[in-house]
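Below you'll find the structure, written out as structure tokens, and then a few comments.
The values are calculated or read from the model by the stated rules, or taken from the named source; none is laboratory data. Computed from a prediction, not measured in an experiment: that's the story for all the values here. Neighbour counts are summed over all protein chains in view; Cβ atoms, including those assigned to glycine, are modelled from backbone coordinates with ideal geometry. All accessible areas refer to the heavy atoms of the entire protein, side chains included, with ligands and DNA or RNA removed. Shrake-Rupley method; radii C 1.70, N 1.55, O 1.52, S 1.80 Å.
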Amino acid sequence: MSHSSVSERAFLGNVLHTPSRGRIELLRDALIVIGGDGKIGAIHRGNSPQAAEAIRQFQGAGTLITSGKGQYLLPGLIDLHVHAPQWPQLGLALDLPLEEWLQAYTFPLEALYADLEYAARVYESLVRGLLANGTTTALYFATIHLPATQKLADICLEKSQRALIGRVAMDNPDQCPVFYRDASAATALAETAAFIDYVQSMTGNESGLIRPVITPRFIPSCSDELLHGLGALARATGCHVQTHCSESDWEHEYVRNRCGVTDTVALESFGLLSRRTILAHGNFISEEDVVHILKAGAGIAHCPLSNVYFSDAIFPLRRMLARGVHVGLGTDIAGGASPSILDNARQAVIASRSLEAGVDPALGRAERRLPESRIDALTAFWLATAGGGVALDLPIGIFREGYYFDALLIDGDVPDSNLHLDEADTPAEMVQKIVYHAARANIRDVWVANRRVHTR
């Protein structure tokens with residue numbers, strides 16, 4: 001399948017997005033012209049003369065998409081942290097501490113992906129499910145199995161989901177079970193390089209819809225030799241990097257004891273901190289860590305739902321945004337119990353309110369509070385769309401000329417739905433309703449790079 005041969009078309013309807021944090025823009029009766037390369041060529045507002053002429057042309061060619069009453073076009077949702085093989089255990093055993101959950105449930109499950117047929121079944125279901133939830137871009141951890149990771153890339157390309165995929169590297173015998181770890185650092189490096197070559201040579205992937213990602217699981221799972229080698233590979237290839245960083249007390253303290261520095265500083269020393277690095281979680285990063293992250297331009301995948309289960313802490317989101325750190329949202333399937341980025345947007349608001357208010361009623365209000373920690377629904381919506389695009393350094397997440405037409409059509413007029421959008425609503429009210437009430441049933445159509453990838 002080639003992703004450079006889509007016909008030019010146009011969308012006519014109401015468009016809602018956040019072109020910058022804190023700013024919402026509603027374009028009523030806008031015409032978005034999309035080129036054959038999947039990118040937005042022009043945006044015409046309202047009933048301009050240019051729009052009227054273009055509408056006639058696209059109607060005549062049968063390539064005009066028109067939205068209905070109560071429907072609004074939104075940017076596609078961006079998930080910065082997905083463990084693809086964990087789809088079958090979504091919501092299971094979340095009562096355990098992270099280190100026990102990994103050993104008892106996650107590693108045995110991921111070991112099953114040596115079976116390519118099993119991997120194909122699960123990955124087909126996962127990608128379909130995420131597209132139905134409006135996730136147009138996903139940053140995937142796969143497993144240590146090269147053929148299964150290649151199969152995930154094949155499926156994402158076939159189904160036209162924008163995907164950044166990493167063959168997981170993990171060779172430390174002290175932390176990885178004998179049945180699920182790389183035989184050596186050399187094996188992990190060779191297969192990571194082979195996966196990069198595979199993705200970059202995929203027929204039909206000339207536009208870079210699928211991108212390889214260098215993926216040390218996290219420092220506890222990797223030897224120093226492997227981490228240095230992956231850092232060198234990142235410098236040589238310019239690929240994205242993803243890993244866990246300061247997710248839990250256990251991980252944070254393990255790295256400090258082993259490396260003598262924090263997760264962030266250690267990753268930088270291994271050559272794994274750059275503008276194309278996404279750090280999952282980051283709950284325990286220090287002020288010194290923030291300086292290093294800002295210098296590198298790295299991003300953080302905020303996973304508010306999974307943090308409830310495994311982190312025992314709330315990520316200081318508002319403070320990180322105020323410092324200028326790039327942040328987007330992640331579901332952290334399966335540490336997070338929902339595959340929906342909209343669910344995680346809601347949880348991001350709730351978590352920030354809990355951090356600001358404090359949660360121990362035995363303490364006085366002034367003593368338990370952490371003022372100026374809350375975010376609002378508009379910020380959560382920005383994180384789910386534009387924030388993820390900025391963190392990945394890709395032209396996605398907003399509607400702008402030169403950006404990819406990755407979009408979903410929200411239907412606010414679905415019978416028996418919790419979401420009801422009224423034309424009298426202000427743009428801010430619409431965003432609040434979408435963040436708090438929209439569900440999978442409200443997602444009517446989904447496009448990636450001008451291809452319709454889901455329809456209800």
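Quick look at the values:
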| read-out | value |
| --- | --- |
| Length added when fully stretched, ARG452-ALA42, from 0.36 nm per residue minus Cα-Cα | 145.7 nm |
| Taking the convex hull of Cα positions in the chain, its mean projected area over all directions (nm²) | 21.8 |
| With all protein chains modelled, accessible area of LEU92 [1.4 Å, Å²] | 90 |
| Gained length - ASN257 relative to VAL359, 0.36 nm times residue gap less alpha-carbon distance | 33.7 nm |
| Using alpha-carbon coordinates, inclination of helix 224-237 to the longest axis of the chain, degrees | 30 |
| Calculated FRET value between ALA186 and ALA236, using beta carbons and R₀ = 22 Å, to 0.05 | 0.85 |
| R0 of 51 Å, Cβ-Cβ distance ASP29-LEU370: FRET efficiency to nearest 0.05 | 0.70 |
| Fraction of beta bridges assigned by DSSP in the chain that are antiparallel (%, nearest 5) | 45 |
| Contour excess over end-to-end distance, with Cα ends at ASP425 and ARG440 and 0.36 nm allotted per residue | 3.2 nm |
| Exposure of SER48 as accessible area (Å², to 10), given a probe of 1.4 Å and all protein chains | 30 |
| Most to least packed among 233-240, 292-299 [average Cβ atoms within 10 Å] | 292-299, 233-240 |
| Hits among lysines - C-alpha to C-alpha of LYS151 under 20 Å, sequence gap 8 or more where chains match | LYS159 |
| Listed residues TYR198, TYR113, TYR404, TYR105 arranged by accessible area, highest first, probe 1.4 Å | TYR105, TYR198, TYR404, TYR113 |
| Inter-probe distance in nm under a simple model that places probes 7 Å from Cα toward Cβ, at GLU225 and ALA52 | 7.3 |
| Angle between the chain longest axis and helix 185-200 axis [Cα atoms, degrees, rounded to 10] | 10 |
| Accessible heavy-atom area order of GLU423, GLU53, GLU25, highest first, probe of 1.4 Å | GLU423, GLU53, GLU25 |
| Accessible-area ranking of ASP95, ASP393, largest first, probe 1.4 Å | ASP95, ASP393 |
| Inter-label distance, nm, simple model (7 Å from Cα along the C-beta direction), LEU294/ARG400 | 2.2 |
| Tilt relative to the chain, helix 341-357 - C-alpha long axis, 0 to 90 degrees, to 10 | 60 |
| Nitroxide proxy distance, nm - points 7 Å out along Cα→Cβ at ARG128 and ILE350 | 2.9 |
| DSSP-defined antiparallel bridges as percent of all bridges, region 216-344, nearest 5 | 0 |
| Area accessible to solvent at TRP382, 1.4 Å probe radius, in Å² | 30 |
| Candidate lysines for bridging to LYS433, where Cα separation is under 25 Å - those fewer than 8 sequence places away on the same chain excluded | LYS69 |
